[in-house]
1. Which of (1) assigned by TED's automatic domain parsing to the domain that holds Glu244; (2) exposed (fewer than 14 other Cβ atoms within 10 Å of the Cβ); (3) away from the ligand (no atom under 16 Å from the Cβ) is the odd one out, the single condition Arg8 does not satisfy?
2. Pick from Ala489, Ala407, Ala459: which is within 16 Å of the ligand (Cβ to nearest atom), free of Cβ contacts under 8 Å to residues at least 60 places away in the same chain and either surrounded by 21 or more Cβ atoms within 10 Å (Cβ to Cβ) or not assigned by TED's automatic domain parsing to the domain that holds Leu66 (or both)?
3. May I ask you to list the residues in the stretch 41-85 that are of a type in the set (A, V, I, L, M), modelled with pLDDT under 95 and farther than 16 Å from Gln128 by Cβ?
4. Which of the following residues is charged (D, E, K, R), within 19 Å of Gln330 (Cα to Cα) and touching a residue at least 60 places away in the same chain (Cβ under 8 Å): Asp61, Asp151?
5. Report, ordered by the first and then the second residue, all pairs with beta carbons closer than 6 Å, sequence separation of six or more or different chains, a first member in the stretch 330-353 that is touching a residue at least 24 places away in the same chain (Cβ under 8 Å), and a second member that is among the acidic types (Asp, Glu) and assigned to a helix (DSSP H, G or I).
6. Could you please let me know if Ser27 is in the same structural domain as Leu278 (by TED's automatic domain parsing), polar (S, T, N, Q) and more than 26 Å from the chain's Cα centre (by Cα)?
7. Would you be able to say whether some residue in the stretch 293-306 is surrounded by fewer than 16 Cβ atoms within 10 Å (Cβ to Cβ), farther than 22 Å from Leu218 by Cα and touching a helix residue (DSSP H, G or I) at 6+ places or on another chain (Cβ under 7 Å)?
8. Run down Ala65, Ala90 and say which single residue is among the hydrophobic types (A, V, I, L, M, F, W, C) and within 15 Å of the ligand (Cβ to nearest atom).
Amino acid sequence: MTGNHDVRVARAFHDATTHTPASIRTSGHTLEWDIKPFPFKVYTDLPTISLPRDVDLAEVDTLRALDPAARTEGQPLTLGRLAALLYLTAGVTRKKTYPGGGEVLFRAAASTGALYQTEVYVAAGNVQDLPPGLYHFCPGDFTLRRLRDGDVRHAFAEAAAEPDLARRAATIVLSALFWRNTWKYQGRGWRHLYWDSGTMLANLTAAAHGLGLTPRLLTGFVDADVNRLLGLDAEHEAALELVEVGPMGSPAPARGTIDEIRHDVMPLSSAEVDYPELREMQSASSLATPADVSAWRKAVPPGRRRSPSGSMSLPAAIGDAGRGLGDTIQHRGSSRRFTHAPLTVIELATMLWWSTRAVAADVPSGLVDVFLVVNAVDGVPSGAYRYWRDEHALELIRAGELRRESAYLCLEQPLGGDAAAVLYFMAPLDALLAAYGNRGYRLVNLEAGLIGGRAYLTAYAQRFGATGLTFYDRDVVKFFAPASAGLDAIFVTALGRGARPSW
Ligand SMILES: Cc1cc2nc3c(=O)[nH]c(=O)nc-3n(C[C@H](O)[C@H](O)[C@H](O)COP(=O)(O)O)c2cc1C
């Protein structure tokens, strides 16, 4: 077996990068501040194109932007709408200065360690006021830089085995620079590439839906071809996902051979540490040809089970939070402390429902199961539960006060115990690897990040808080046993009141 089919690679990577109390206490890894990577990718030989700043920030209600069934009228993709989309996905939303002068520019979507390794590119074909071409978005100065002249949509359509990409107005591509995350998180940082691009995709798909741009996510593509089109150095960075946006037009013509590009970029730092296991995981989950992509998309995931009888039906989610998406995103920030004040059952039900609705994509959603610890929700007894998204119901696994256990599971972080509710994402990893190969491991981390990102949005829309958290992998699975049999822990998001981030 080779390549994507040899799923021993993903299983071994997952097992080797689990956190345990012993691994945390003996890691010995220290942060070398002198070589902390610069948080922006800067193409030094290309002129900047300023994006308009006075734009419509998707003032559609946040929950409607998350509702796949909400009809939004199709809109042309103007430069203003593209600017709004990029800002709400990856823009700088606040600045914090630390004693000693250090400064962090926080962004629209949450990102592990505020390291922001995810970069954004746009293959534009039919964007009003922007010539066709391939562009890189720099959130630091809110500009685009043109990497390729002319319409390259046909080449992206071929690389993604999706003819629609040649007809949609533009394709947004997310990529990641490994070192920007591994500087702190070492090899486990590979998982963060997908969690963090997931939180960005939560914003991107909601904003594009709210702006009438009908987004569709593509997780299957020929990795080497997309990396080459973007001019990425595949030893250090990689394309992660594509999102087609905007109206359909006539198909972009084929352009024949597309040249290599290698524009100069500012170095990230003066020295860099290589994590070969991360590169191996990325390459072993790659697809080699458009035919492989088409075949991979047809994989059938394990069937969804039904909630057991006796599960507790949740009240219907509200459909309108009274807070526009742009306002929600501009006020989003990870909670640094939760009070023990409870959420209402409607708030919990609304968060769970809208976080788990499917986004339009080339693969099915629902690959990840949502478990939770309820610490303080009026009308829901404290305990451990499983959320059944199709039935919108909670199955009780264990009743009782579990704040201490939940804090422990979240790498002994108090946030996991103080939160009103903590979501634990788990997935039948071996069954999904059997269906999707190593790339199935990308899918579960991505879906968990995407639901986590949508949980942030539903929380801030309802004016409570959220934060992503990391966790002790095997202890999470043991904690939810026997309901967690055959599952692996993938990601955690905590929700609760209080303690806004200080900005
Ligand atoms: C996938 C993910 C995992 C995270 N893990 C933790 C964590 O373990 N502990 C923590 O305090 N914050 C965690 N965070 C929050 C980040 O530190 C935060 O998103 C980042 O500092 C940017 O700040 P902001 O979300 O307030 O904009 C996580 C965020 C994400 C998206």
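The values are calculated or read from the model by the stated rules, or taken from the named source; none is laboratory data. All values derive from a computational prediction rather than experimental measurement. For neighbour counting, all protein chains shown are included, and Cβ atoms are generated from backbone atoms with ideal geometry for every residue, glycine included.
1. Here Arg8 clears every test but (1).
2. None of the others qualify; the one that does is Ala407.
3. Matches in the stretch 41-85: Leu57, Ala58, Val60, Ala69, Ala70.
4. Result of the check over Asp61, Asp151: Asp61.
5. Once the first residue is touching a residue at least 24 places away in the same chain (Cβ under 8 Å) and sits in the stretch 330-353, its partners that are among the acidic types (Asp, Glu) and assigned to a helix (DSSP H, G or I) give Phe338/Asp418.
6. no
7. So far as the stretch 293-306 goes, no, none of its residues is surrounded by fewer than 16 Cβ atoms within 10 Å (Cβ to Cβ), farther than 22 Å from Leu218 by Cα and touching a helix residue (DSSP H, G or I) at 6+ places or on another chain (Cβ under 7 Å).
8. Ala90
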